[in-house]
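Beneath this line is the structure, given in structure tokens, with notes to follow.
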Amino acid sequence: MTSTAFITHRDCHLHDMGSYHPESPARLSAINDHLIAQGLEAYFLHHDAPLATLEQLARVHPLAYIEQLRQRMPEHGIVHLDPDTALCPHTWQAALRSAGAGILAVDLVMAGEVENAFCSVRPPGHHAEREQAMGFCFFNNIAVAAAHALEAHGLSRVAIIDFDVHHGNGTEDAFRNDPRVLMASIFQHPFFPYSGADSAAPNMLNVPLAAGADSEQFRRVVSEVWLPRLREFQPEMLFISAGFDAHHEDEMGNLRLTEKDYAWVTDVLREFAAETAQGRIVSTLEGGYSLSALARSVTAHLRALADL
């Protein structure tokens, strides 16, 4: 069994973009309830996410953007930044906790207190560009965590794996042409945010998949495209943008993955990290909107991370 941290915070439940919004507080409750029902809660080291600091956020987002976002937070009601992305009075705290979870995860893993960590947080992050909130995202949680590993812990090379159904345009925006970072992703294309398929940046290994792509196609990409490049890159730490909306039950997308695929890819990445990165993995929740499929998929991911 591997020591795995489970990092979350009650503030992440308070961010609310409206009763019909798919990125809802019920997502975290579904994950928690399923872990309890499966008798797995005791296997993880539970931590409350801290608040990310301005200095930590500013490694990815300009201070002017951070301040502009803070000033737009409402005292009452909901304020829309775009049709999909909205602020409520609790969004600021939740967004700082979501980014702070990744910071704590990196610190715990780098200190050797755990081998890997999963951040069960919202709002998600991988669509947040340096100066633009979008796609339910405000701060790029995985980019903030990766930048922390590079800047605060002095790592030379990190890899970010993104298997969300949507392209992580914000993560690409943060690290395009940064030789210290390799980003490997799959995503449905053409699909929101309509990016990634034509990236020429040498450190971006984007693999678009057509609607209807299934387990076999996904596993072939991981084995034949991602792994050879990862071995060549030799990252010192792995980061996972763990979106589960490519699940066949999730109506947000049209890929055909199952929870067995999430367990399999996590096993593959954990074995790879053991070879090259001292087992160091930080994973953070991105998409996943069918509550049952999300809960089962996260549980499969966590079982694999913890080698249960």
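The values are calculated or read from the model by the stated rules, or taken from the named source; none is laboratory data. All values reported here derive from a predicted model rather than from experimental measurement. Because the Cβ atoms are built from the backbone with ideal geometry, glycine has one as well, and the counts that use them run over all protein chains shown.
All of 133, 152 fail the test of being more than 17 Å from the chain's Cα centre (by Cα), modelled with pLDDT of 95 or more, within 30 Å of residue 11 (Cα to Cα) and among the aliphatic types (A, V, I, L, M), apart from 152. For a quick check of your reading: which strands (runs of 3 or more DSSP E) sit entirely within the stretch 1-110 and have at least 2 residues that are under 17 Å from the mean Cα position of the chain (by Cα) and surrounded by 15 or more Cβ atoms within 10 Å (Cβ to Cβ)? In the stretch 1-110, the matching strands (runs of 3 or more DSSP E) lie at 4-8.
Could you tell me which residue of the stretch 127-144 is nearest to residue 163 (Cα to Cα), considering only residues that are assigned to a helix (DSSP H, G or I), in contact with a Ser or Thr (Cβ under 8 Å, 6 or more places away or on another chain) and hydrophobic (A, V, I, L, M, F, W, C)?
First, pick out the residues of the stretch 127-144 that are assigned to a helix (DSSP H, G or I): 141-144.
Checking the rest, the ones that are also in contact with a Ser or Thr (Cβ under 8 Å, 6 or more places away or on another chain) come to 141-143.
Subsequent filtering for residues that are hydrophobic (A, V, I, L, M, F, W, C) retains 142-143.
Values: 142: 13, 143: 15 Å.
This residue is 142.
In the stretch 28-39, the residues that are in contact (Cβ under 8 Å) with a residue 24 or more places away in the chain form Cβ pairs under 7 Å with partners that are surrounded by fewer than 13 Cβ atoms within 10 Å (Cβ to Cβ), at six or more places apart or across chains, as follows: 35/41. For residue 85, are the conditions met, namely being polar (S, T, N, Q) and either more than 21 Å from residue 103 (Cβ to Cβ) or at pLDDT below 95 (or both)? So residue 85 fits the description; yes.
Scoring residue 179 on the criteria (1) in contact with a Pro (Cβ under 7 Å, 6 or more places away or on another chain); (2) part of a loop (DSSP other than H, G, I, E, B) leaves a single failure, condition (1).
Contact map, the stretch 145-167: first residue assigned to a strand (DSSP E or B), second residue surrounded by 21 or more Cβ atoms within 10 Å (Cβ to Cβ) and acidic (Asp, Glu), Cβ cut-off under 6 Å, separation 6 or more or different chains; the map is empty. Close contacts from the stretch 283-294, counting a first residue that is surrounded by fewer than 24 Cβ atoms within 10 Å (Cβ to Cβ) and a second that is assigned to a strand (DSSP E or B) and not charged (D, E, K, R), with Cβ to Cβ under 6 Å and a gap of 6+ residues or different chains, come to 293/247.
Tell me, which helices (runs of 4 or more DSSP H) lie completely within the stretch 197-305 with 3 or more residues that are at pLDDT 95 or above, touching a Cys at 6+ places or on another chain (Cβ under 8 Å) and within 21 Å of residue 30 (Cα to Cα)? Reasoning before the result, please.
Working: elements: 215-221, 227-233, 259-276, 291-305.
Once the helices (runs of 4 or more DSSP H) in the stretch 197-305 are filtered for at least 3 residues that are at pLDDT 95 or above, touching a Cys at 6+ places or on another chain (Cβ under 8 Å) and within 21 Å of residue 30 (Cα to Cα), nothing remains.
Can you confirm whether residue 231 is out of contact with any His (no Cβ under 8 Å at 6 or more places or on another chain) and surrounded by 24 or more Cβ atoms within 10 Å (Cβ to Cβ)? Answer is no for this residue. Among the residues in the stretch 201-221, are any within 21 Å of residue 125 (Cβ to Cβ), of a type in the set (D, E, K, R) and touching a residue at least 40 places away in the same chain (Cβ under 8 Å)? Checking the stretch 201-221: not a single residue is within 21 Å of residue 125 (Cβ to Cβ), of a type in the set (D, E, K, R) and touching a residue at least 40 places away in the same chain (Cβ under 8 Å).
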